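Visitor: Mind looking over this structure? Questions follow.
The values are calculated or read from the model by the stated rules, or taken from the named source; none is laboratory data. Remember, predicted model here, so these are calculated numbers, not experimental data. Cβ atoms come from the backbone with ideal geometry, glycine included; neighbour counts cover every protein chain shown. We work out accessible area using only protein heavy atoms, side chains counted, and drop any ligands, DNA or RNA first. Shrake-Rupley method; radii C 1.70, N 1.55, O 1.52, S 1.80 Å.
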Amino acid sequence: MIKVLNVVEKPSVAKSVATILSRNQLRVREGRSRYNKIFEFNYSINGQQCHMLVTSVTGHLMEVDFEDRFRKWHSCDPADLYTAPVRKHVPEDKLDIKRTLEEEARKCHWLVLWLDCDREGENIAFEVMEVFKGIFMKQPKILLLLISGFQMQWTLGN
């Protein structure tokens, strides 16, 4: 059976999506983050029986910061900030969410992202895809991206 990981932008919306799609016939289990539960149920997509896993992020998964030597107010000339290196990373308080996503993705064949159809939702989608990139590159899988009714299909492989 195909396993599908669904990632939603907010925990409350993940619960609603899972409840509606499963017709309230779902199993709930804890993820690593106590706020981001995992909802499981069987579902049919275009006649294909699937086991759905629905979980969430809590808004942005990553943040962008200057390197430490540029982060204090008087640590550098402000003009240096235009060329200062930045790093994009998952902050400490979101590591449990990242680990849950990585663990669940290893068991799944498809990924469906349920995010708002705006710049912020698009950015969050790319943050989530960045977490999955290494996992999905090892075994080619299909990545389904659903944003406000539009479907894009990508195949990630070696």
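Visitor: Sorted by average packing, counted as other Cβ atoms within 10 angstrom per residue and highest first, what order do 126-132, 65-71, 114-120 take?
Guide: In decreasing order of mean packing, 126-132, 65-71, 114-120 become 126-132, 114-120, 65-71.
Visitor: Using a 1.4 Å probe on the protein heavy atoms only, what accessible surface does residue 19 show? Give it in Å² to the nearest 10.
Guide: 50
Visitor: Relative to the Cα centre, what is the charge dipole magnitude of the stretch 1-99, using +1 at the beta carbon of each Lys and Arg, -1 at the beta carbon of each Asp and Glu, and rounding to the nearest 20 debye?
Guide: 580
Visitor: Hey, another quick one. Residue 133 accessible area, nearest 10 Å², 1.4 Å probe?
Guide: Here the accessible area works out near 100 Å².
Visitor: Using only DSSP helix segments of four residues or longer, with each worth -39500 (n - 2.57), what per-residue ellipticity at 222 nm results for the chain after dividing by its residue count and rounding to 500?
Guide: Dividing the helical sum by the residues of the chain leaves -9000 deg cm²/dmol.
Visitor: Dividing the Cα convex hull volume of the chain by residue count, how many Å³ per residue is that?
Guide: Convex hull of Cα atoms, per residue: 136 Å³.
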